[in-house]
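In what follows, a single structure is set out as structure tokens and then discussed.
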Amino acid sequence: MIQGKSIKEWAQEYPLLTKIMDTKEVFWLNPDYREVKNNKVLELTMVDIKEADARLRRFAPYIKKVFPETKASHGIIESELVNIDGFKTELFDIFNMQIPGQLYIKRDDNLPIAGSIKARGGIYEVLKYAESLALENNLITKDDNYELFTNQEFKELFSHYSLAVGSTGNLGLSIGITGATLGFKTTVHMSSDARQWKKDLLRDKGVIVKEYDSDYSKAVQEGRKESQKDPKSYFIDDEKSKHLFLGYAVAALRLKEQFVKENIKIDQDHPLLVYLPCGVGGGPGGICFGLKKVFGENVHCFFAEPTHSPAMLIGMMTGLHNKITVQEFGIDNITAADGLAVGKPSKFVGKIMVNLLAGIYTVEDNILFTILKRLYHKNGIKLEPSALAGFPGPVRLTKNKSKLDFLDNNIEEKINNSIHLIWSTGGSMVPKHIFDEYLNK
């Protein structure tokens, strides 16, 4: 029994569950999408997103100083927007389907410091905590040059405090690298399916790595429990942190600037369709939230999950959110897309997405590897498997008229003017021998 019902009863109520439990690829359209225009689940606004952006800009002098790779961007952590229309021929070769409109990729795999989308939320929350401690101890004011954070008295202060996080890998990298650089004692609790090279890299940075012979949810649970015992330990909670969420949401403001610079129109006649790989949901959820605040009804977001880890899909479809795990439905949560290997979704994010997310689709691992190899040989872009989950989205969406009608009855007239944006999430820090294994696979 799952929450008082048998699996058979759940499958009768939600027929798509049968295919999901058989780990078949599915595409779910959210029946509650746009039902409520003013989502009151989370009392966050555009003001909060702009405040988060301002905080990151205050820290830019510090970031530029301690992370030389950000020198060219003057300490702003941002990724390129790249047109990959030429890759549509590869997608046609794989899926036998033409993609109308333009195809772009948001290169969060190239984000400095941590090399993944987690550089947005993870680094932001660490910096916010560091700022709060520095302000409380009168070491700085918001009008000062934040390059002061390189001074020894700041490291001395932070050395008395601890940071902790549970992670499948990339969030741990972003928090571990930033926290250790600032001077915090930093611990990353990691699931057994996290990549060894990520654990090794963290340890090389002086981060404590604790491993668990279970999945991501156990790592978060144990990390949270251990952190609660120490009043000077700050736990960054990927399952329910609004600060992580806002760090991700800032991406929407940056993307708008990039569209303006590239003279790309986003309006009712030029819809933006965004495809986001999803694990526990914080990263894609924050970005979706920000995009809806910036572009409103002119943007439609879709999450992508592995067929063996459809946690957000089952959670949102049934309305159970974090009250269930994929394992309860007989799904093993084993996938090569380690960053998406999450068995229980974020309650915090799932409830916010109820009226903001257009849909969720699932992808088989072998498709991820097929696209990984072709993208590398065609465009020279090196992504890890989980970062490829967005690529089938444009094909899966546009090949079915009913899906397009769900978004907009007139969207077929506009689809040739649409922008398909695939959000890449990680890969630039993958060691060469590991990437070669991906290619060979």
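Here are the numbers:
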quantity: Selection count where residues are touching a residue at least 40 places away in the same chain (Cβ under 8 Å), farther than 19 Å from residue 68 by Cα and of a type in the set (A, V, I, L, M, F, W, C), scope region 144-165; calculated: 3
quantity: So residue 332, is it among the acidic types (Asp, Glu) and crowded, with 22+ Cβ neighbours inside 10 Å; calculated: no
quantity: Number of the exception - residue 344 against (1) more than 20 Å from the chain's Cα centre (by Cα); (2) charged (D, E, K, R); (3) in a loop (DSSP other than H, G, I, E, B); calculated: (1)
quantity: Failed item, numbered, when residue 101 is tested on (1) crowded, with 21+ Cβ neighbours inside 10 Å; (2) in contact with a strand residue (DSSP E or B) (Cβ under 8 Å, 6 or more places away or on another chain); calculated: (1)
quantity: Any hit, region 122-138, residues being modelled with pLDDT of 95 or more, surrounded by fewer than 21 Cβ atoms within 10 Å (Cβ to Cβ), of a type in the set (Asp, Glu) and not in a helix (DSSP H, G or I); calculated: no
quantity: Output for region 389-441, where each listed residue is among the hydroxyl-bearing types (Ser, Thr, Tyr) and either within 24 Å of the chain's Cα centre (by Cα) or at pLDDT 95 or above (or both); calculated: 398, 418, 424, 425, 428, 438
quantity: Residue check for residue 431: under 20 Å from residue 287 (Cβ atoms) and in contact (Cβ under 8 Å) with a residue 24 or more places away in the chain; calculated: no
quantity: Filtered residues of region 385-441 (kept if among the small types (Gly, Ala, Ser), surrounded by 22 or more Cβ atoms within 10 Å (Cβ to Cβ) and in contact with a helix residue (DSSP H, G or I) (Cβ under 7 Å, 6 or more places away or on another chain)); calculated: 386, 387, 389, 424, 426, 427
quantity: Flag if residue 350 is without any contact (Cβ under 8 Å) to a residue 40 or more places away in the chain and of a type outside the set (Ser, Thr, Tyr); calculated: no
quantity: Spans of strands (runs of 3 or more DSSP E) in region 26-113 with at least 1 residues touching a residue at least 12 places away in the same chain (Cβ under 8 Å) and closer than 24 Å to residue 352 by Cα; calculated: 27-29, 102-107
quantity: Unique match (being in contact (Cβ under 8 Å) with a residue 12 or more places away in the chain, hydroxyl-bearing (Ser, Thr, Tyr), under 29 Å from residue 48 (Cα atoms) and touching a Cys at 6+ places or on another chain (Cβ under 9 Å)) among 275, 234; calculated: 275
quantity: Which numbered condition residue 229 fails, given (1) assigned by TED's automatic domain parsing to the domain that holds residue 123; (2) touching a strand residue (DSSP E or B) at 6+ places or on another chain (Cβ under 8 Å); calculated: (2)
quantity: Residues (under 30 Å from residue 310 (Cα atoms) and not small (Gly, Ala, Ser)) located in region 257-279; calculated: 271, 272, 273, 274, 275, 276, 277, 278
quantity: Only one of 437, 412 that is under 27 Å from residue 263 (Cα atoms) and either assigned to a helix (DSSP H, G or I) or not assigned by TED's automatic domain parsing to the domain that holds residue 336 (or both); calculated: 412
quantity: Count of residues meeting criterion [in a loop (DSSP other than H, G, I, E, B) and either of a type in the set (A, V, I, L, M, F, W, C) or modelled with pLDDT of 90 or more (or both)] in region 188-221; calculated: 4
quantity: Hits in region 328-341 - residues which are over 25 Å from residue 246 (Cα atoms) and not in a helix (DSSP H, G or I); calculated: 330, 331, 332, 333, 334, 335, 336
quantity: Cross-chain or 6+ apart pairs with Cβ under 7 Å, region 353-376 first and assigned by TED's automatic domain parsing to the domain that holds residue 320, then basic (Lys, Arg) and outside any helix (DSSP H, G or I); calculated: 355/34; 369/441; 376/382
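Per-residue answers, yes or no, for (1) under 17 Å from residue 157 (Cβ atoms); (2) assigned by TED's automatic domain parsing to the domain that holds residue 290; (3) within 15 Å of the chain's Cα centre (by Cα):
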{"site": "100", "(1), (2), (3)": "no, yes, no"}
{"site": "105", "(1), (2), (3)": "no, yes, yes"}
{"site": "110", "(1), (2), (3)": "no, yes, yes"}
{"site": "125", "(1), (2), (3)": "no, no, yes"}
{"site": "128", "(1), (2), (3)": "yes, no, no"}
{"site": "135", "(1), (2), (3)": "yes, no, no"}
{"site": "139", "(1), (2), (3)": "yes, no, no"}
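The values are calculated or read from the model by the stated rules, or taken from the named source; none is laboratory data. Model, not experiment: these values are computed from the prediction. Neighbour counts are summed over all protein chains in view; Cβ atoms, including those assigned to glycine, are modelled from backbone coordinates with ideal geometry.
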